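Read the structure below first, then the notes.
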Amino acid sequence: MKKFLIRLIVFLLIILLGLGGFLGVKGYAEYKDLTSQTSVETVVEQIQSSPTFVPYESLPSNLIRATISIEDRRFYEHGGIDYIGLARGTLSQVIPQLAQSGGSTITQQVAKNLYGMFEQTLERKIVEMFISKELESKYTKNEILALYVNIINYGDNHFGIYEASTGYFGVEPEYLTLAQASLLAGLPQSPSNYQLSDHFQQAKVRQHQVLEAMAECSYINESDIEAIYTQDVYATY
């Protein structure tokens, strides 16, 4: 019985390795085909040339910190794919005690949005990983972060931080308060469920999670969370 189990495990591992290799080759071929039609540089240049594009230097530090805290704490440490986060995200699907995590990095989200790869398949995920690696090899972390906040969906048909900031609060991104920035940073996880027009209370719950994450990353003091959370994001100063 013991020998049978060992053989079964070895057989399954061989099958998994073969399947992984097949999907890897297929995903790489799709990545090469996709980027040969429209290169990563071309897509990025189109985004950066938009009149509403906000470069990293003009982004408020509060938005940057809030975004990294809630979306990808290891952003400046990994090379586009956070293998630690990926493992944690996989385990969180089968171990109830672990907080649910998707394991997708900011770079991967940029890759997905650059090419509109919203189909949730393993093959697409592999293509996304190859594009993420290319992004990391050609652009700085700050440039990738700027791409993220300029293309991500913030709900209510607001794509990018300029549209979200002016559309929701009537101010340009550089003038966002910490309360506003932390509220916006939580929306991309599920724009249709957090958009401010009809899901404001859900967005506020999410904002509290963002502020807690910022405190855990030492960007703000835990004692300041409630004061920031209760600020009126629509007040003019």
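The lone criterion from (1) more than 25 Å from Ala213 (Cα to Cα); (2) of a type in the set (A, V, I, L, M, F, W, C); (3) at pLDDT 95 or above left unmet by Met117 is number (3).
Tyr148 meets all of the listed conditions (1) closer than 21 Å to Thr105 by Cα; (2) surrounded by fewer than 21 Cβ atoms within 10 Å (Cβ to Cβ); (3) among the aromatic types (Phe, Trp, Tyr) but one, namely (2).
Filtering the range 92-114 to residues that are closer than 18 Å to Leu135 by Cβ and modelled with pLDDT under 85 leaves only Gly103. A single member of Gly79, Gly89, Gly85, Gly18 is small (Gly, Ala, Ser), farther than 18 Å from Tyr139 by Cβ and either surrounded by fewer than 16 Cβ atoms within 10 Å (Cβ to Cβ) or modelled with pLDDT of 90 or more (or both), and it is Gly18.
Listed by position, the helices (runs of 4 or more DSSP H) enclosed by the range 180-237 that each have at least 2 residues that are under 23 Å from Asn153 (Cβ atoms) are 191-194, 200-216. Filtering the range 43-70 to residues that are surrounded by 21 or more Cβ atoms within 10 Å (Cβ to Cβ) and not in a helix (DSSP H, G or I) leaves only Leu59. Does Gly155 qualify as being at positive phi and surrounded by fewer than 20 Cβ atoms within 10 Å (Cβ to Cβ)? So Gly155 does not fit the description; no.
Within the range 173-231, the residues that satisfy the criterion of being over 16 Å from the mean Cα position of the chain (by Cα), among the β-branched types (Val, Ile, Thr) and either within 24 Å of Gln108 (Cα to Cα) or surrounded by fewer than 15 Cβ atoms within 10 Å (Cβ to Cβ) (or both) are Val205, Thr230.
Among the numbered conditions (1) at pLDDT below 85; (2) of a type in the set (S, T, N, Q); (3) touching a Phe, Trp or Tyr at 6+ places or on another chain (Cβ under 8 Å), the only one that Thr67 does not meet is (1).
The values are calculated or read from the model by the stated rules, or taken from the named source; none is laboratory data. None of the values given here were measured: they were computed from a predicted structure. So basically every Cβ, Gly included, is an ideal-geometry build from the backbone, and we count neighbours across all protein chains shown.
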